[in-house]
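First comes the structure, then the notes that go with it.
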Amino acid sequence: MIRLGLAPLSGVAGAASKKSGVNRMNLAPMVVIVLCSVISGYAQAQYAQAQAQDSNSAKLKADAENVVNIIGGDKAKIQTYCQFADLSDAMAEAIHEQDTAKAQQLSEKASELEKNLGPEFAALADELKNMDPNSQDGQEVGAILARLDEFCGH
């Protein structure tokens, strides 16, 4: 009998051979094949997930670069972005002070300004909602976007 460290399965193999006439020698390789395919599938899924995450972060960084180039190349958009950044700071302060009415009012103004920054900015803002700003990717994207703050003197 082949022993693969699957002691609990030897009872199953014995029961299967008694009930169905399946040879234990044939069952052990089948169990190994099933386990290997499950482990292989898991490893492939983990690899695919890592590749997708790398691809998403690369796309996000490219999108951030694009937004910086679009806004940085347009004086009106730079001014709008600076107003947006000031509102964002004021909104964070209102939230910290638990002034929800003020935070809501500032949020509405920021939404109006966001529309003037273009669809690329809005799309990037949506994508960033799911990113941890403290992660490596979050910090890298933040550094790209910090170049916009330089236009505002921040």
L87 fails exactly one of the following numbered conditions: (1) out of contact with any helix residue (DSSP H, G or I) (no Cβ under 8 Å at 6 or more places or on another chain); (2) surrounded by 13 or more Cβ atoms within 10 Å (Cβ to Cβ). What is the number of that condition? (1)
Condition met for L113 (closer than 20 Å to A58 by Cβ and modelled with pLDDT under 95): no
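Residues are listed down the side, and each one gets a yes or a no for (1) of a type in the set (A, V, I, L, M, F, W, C); (2) in contact with a helix residue (DSSP H, G or I) (Cβ under 9 Å, 6 or more places away or on another chain):
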| residue | (1), (2) |
| --- | --- |
| I95 | yes, yes |
| D99 | no, yes |
| K102 | no, yes |
| E108 | no, no |
| E112 | no, no |
| L117 | yes, yes |
| A122 | yes, yes |
Scanning region 96-138 for residues that are of a type in the set (S, T, N, Q) and either outside the structural domain of D63 (by TED's automatic domain parsing) or closer than 17 Å to I78 by Cβ (or both) gives N116
Identity of the residue in region 119-138, under 13 Å from S57 (Cα atoms) and in contact with an Asp or Glu (Cβ under 8 Å, 6 or more places away or on another chain), that ends up surrounded by the most Cβ atoms within 10 Å (Cβ to Cβ): L124
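D63 - would you say it is acidic (D, E), farther than 24 Å from G153 by Cβ and crowded, with 16+ Cβ neighbours inside 10 Å?
Values: acidic (D, E): yes; farther than 24 Å from G153 by Cβ: yes; crowded, with 16+ Cβ neighbours inside 10 Å: yes.
It is true that D63 is acidic (D, E), farther than 24 Å from G153 by Cβ and crowded, with 16+ Cβ neighbours inside 10 Å.
The values are calculated or read from the model by the stated rules, or taken from the named source; none is laboratory data. The structure displayed is predicted, hence computed values, not measured ones. Virtual Cβ from ideal backbone geometry, glycine too; neighbours counted across all protein chains shown.
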